[in-house]
Every structure is written in structure tokens, then in C-alpha cells.
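Everything on this sheet refers to the single structure shown next.
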Amino acid sequence: MDKTKAEKTPLPQDLILEDRSRLTVTGVQRVVHCNAENAALETGRGTLNLSGAQISIAKLDLEAGEVKLTGRFDGLEFSRSAGPGGFWQRLLR
């Protein structure tokens with residue numbers, strides 16, 4: 001498979017939250033940031049923003065697109081990805 005085509009196809013995405021203390025996310029392309037209070041994970045379907053306390057990455061496998069985090073998760077929110085095109089193209093859609 002062509003590498004550029006593989007990068008454009010979003011990976012399947014799942015969120016598995018156990019007891020609000022263990023979170024597994026698949027379909028992750030990169031970790032934008034992670035600290036004790038919040039984290040942001042870039043996926044093919046947008047950015048997943050996490051908030052809580054004592055957040056840390058327990059396992060990171062970007063080749064498989066999987067991240068396992070621990071801590072106390074109070075909020076999970078998706079931001080829509082910008083998509084192709086510049087500002088004016090998105091504005092005129």
C-alpha cells in the first residue's frame with residue numbers, strides 16, 4: 001500500500017474507559033501533549049482532549065495507533081480536525 005494513501009485513511013478508533021482511571025485510545029496518530037491535568041491526542045478524526053488529575057501515559061504504540069493512559073479522567077472532548085484546504089476554503093463551505 002502507498003504510504004501517502006495509508007496516512008490519509010483514518011485508523012479505526014475506539015475509546016475504552018475503565019473505572020474512570022484507565023483509558024485506552026486507538027486510532028492515535030500522535031500525542032500533542034500530556035501532563036498531570038490534561039492531554040491531547042491527535043487522531044484521524046480530530047483531536048481528543050482529556051482533562052482530569054494524575055494523567056500519565058502507561059503505554060504508547062504509535063505504529064499500532066494505540067495509547068493507554070492512567071489517572072482520573074473528568075472530561076473527554078473531541079475537536080473536529082481542520083480538514084484539507086486553507087481558511088478561506090473552510091469558510092466558504
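The values are calculated or read from the model by the stated rules, or taken from the named source; none is laboratory data. Because the structure is predicted, anything quoted here is derived from the model rather than measured. Heads up, the Cβs are rebuilt from the backbone with ideal geometry, glycines too, and the neighbour counts pull from every protein chain shown. To get the accessible areas, we keep the full protein, side chains included, count just its heavy atoms, and leave off ligands, DNA and RNA. Shrake-Rupley method; radii C 1.70, N 1.55, O 1.52, S 1.80 Å.
Let me cross-check D74: its accessible surface, 1.4 Å probe, with only protein heavy atoms counted, in Å² to the nearest 10?
Here the residue's solvent-accessible area equals roughly 80 Å².
What is the spin-label model distance, in nm, from A53 to R72 if the labels are put 7 Å beyond Cα along the C-beta direction?
Reported label-point gap for A53 and R72 is 0.3 nm.
Label points 7 Å out from Cα along the Cβ direction at A40 and R22: separation in nm?
In this crude spin-label approximation the distance works out to 2.9 nm.
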